[in-house]
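Please read the structure below before turning to the comments.
The values are calculated or read from the model by the stated rules, or taken from the named source; none is laboratory data. All values reported here derive from a predicted model rather than from experimental measurement. When we count neighbours, we look across all protein chains shown, and the Cβ atoms used for this are built from the backbone with ideal geometry, even at glycine.
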Amino acid sequence: MGALKDEILTKHVEPSPEVTAAAALAERLLENIELVVRGKREEIRLVIAALLCHGHVLFEDVPGTAKTVLARAIARSVAGARASRIQCTPDLQPTDVTGLSVYNQKEREFEFRPGPLSANIVLVDEINRAMPRTQSALLEAMAEGQITVDGQTRLLPEPFLILATQNPLDHEGTFPLPEAQLDRFMLRTTLGYPNVDDELRIVQEQRHVHPLSALGTAIDIDELRQIQAATEQVYIDPIIQRWLVELVRATRELEIVRVGASVRGSLALERAARAWALLHGRPFVLPEDVETLFEPVLAHRVLLNPYRLDGSESGDEVDLLRRCRALVPPPGAVLSAG
């Protein structure tokens, strides 16, 4: 892929001032969050990439891995942003998350009292414990950036990011997430446990008080919007763009796949690649960016066949990128061969 990288560099040697400034702001945001979420730089970078693309993140993770701390750290790092948390249970009603209209006896009229969805950073814990009616309210918020209560539509604040956690489906009292809702998550990832040194440091830092209480802001909301706008200016070469789309289309041709990724997967991967490049201080996308993000962006959008006749691989062991690369070679290899 080196030949393609050299070709891109000759086209775009100097980044625009907007991209340069945005990359510095994004690095400042990342470093600020790392003050309280230790040893998870790449995972934090993934979440910020989704935020820059107006996307949402699904965590499939065990309890106690700093998901709530991450959501609150992002909100505290952005001046003017607000965080909230929703603990999903089977009896959670749609109005518990959207808010509801309450009759004001003094004014003799109904007034709307917003729910936890009316925040900038929303942690939805154990999302697959919520019943389908509540899932539909969450789907509208994720897909449209709005909620509908008593027939009236209300826009949610910008920026708006949902960080959701999911339990394994074999746990009692869970509801499988609809495919349409899974497709609305820009990426799926995991935070995981810290290594021993980071865990020791966490224990030492929380001896008296949680470091989150002393976390200051790194940027304001206007600067966050500035980074989001600059993400759209990151250059992606037409060769890489075409390869990206062909990789997504390859998921629809694999024998082990029942339903491949949709066009929404292509859009999400292209936008995430731009954000990933900016978060690494580059004004252009490399094939490596696409490969790094391929499974976090696409794996949850692909429906695998439940049974394999040869019994060779389970769903968790399928290497989608390797299989799709076999059908669609990387653009660097094609360029070198040409």
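Of note:
- Summed over segment 112-134, the residues that are surrounded by fewer than 24 Cβ atoms within 10 Å (Cβ to Cβ) and in a loop (DSSP other than H, G, I, E, B) give a count of 7.
- Members of segment 69-110 found to be part of a strand (DSSP E or B), within 22 Å of L138 (Cα to Cα) and of a type in the set (D, E, K, R), listed by number: R85
- Within segment 87-129, being hydroxyl-bearing (S, T, Y) and in contact (Cβ under 8 Å) with a residue 40 or more places away in the chain holds for T89, T95, T98, S101.
- Helices (runs of 4 or more DSSP H) enclosed by segment 192-264 - at least 1 residues per element that are surrounded by 19 or more Cβ atoms within 10 Å (Cβ to Cβ) and either in the same structural domain as E34 (by TED's automatic domain parsing) or at positive phi (or both): 221-231
- Subset tally (residues that are under 19 Å from the mean Cα position of the chain (by Cα) and under 15 Å from C324 (Cα atoms)) for segment 278-302: 13
- Unique residue being charged (D, E, K, R), in the same structural domain as A119 (by TED's automatic domain parsing) and at pLDDT below 90 when the list is K67, K11: K67
- Selection of segment 44-56 for residues being under 13 Å from V297 (Cα atoms), out of contact with any Phe, Trp or Tyr (no Cβ under 7 Å at 6 or more places or on another chain) and either assigned to a helix (DSSP H, G or I) or among the acidic types (D, E) (or both) yields L46, V47, A50.
- Scope segment 11-66; condition surrounded by fewer than 18 Cβ atoms within 10 Å (Cβ to Cβ), of a type in the set (G, A, S) and closer than 19 Å to Y235 by Cα; matching residues: S16, A21, A24
- Condition met for P159 (part of a loop (DSSP other than H, G, I, E, B) and within 25 Å of V62 (Cβ to Cβ)): no
- Flag for F185 being of a type in the set (F, W, Y), at pLDDT below 85, assigned to a loop (DSSP other than H, G, I, E, B) and surrounded by 15 or more Cβ atoms within 10 Å (Cβ to Cβ): no
- Enumeration of residues in segment 265-292 that are assigned to a helix (DSSP H, G or I), touching a residue at least 40 places away in the same chain (Cβ under 8 Å) and of a type in the set (A, V, I, L, M, F, W, C): A268, A272, A275, W276, A277, L278, L279, V290
- Answer from L52, L29 - the residue that is assigned by TED's automatic domain parsing to the domain that holds D125 and in contact with a strand residue (DSSP E or B) (Cβ under 8 Å, 6 or more places away or on another chain): L29
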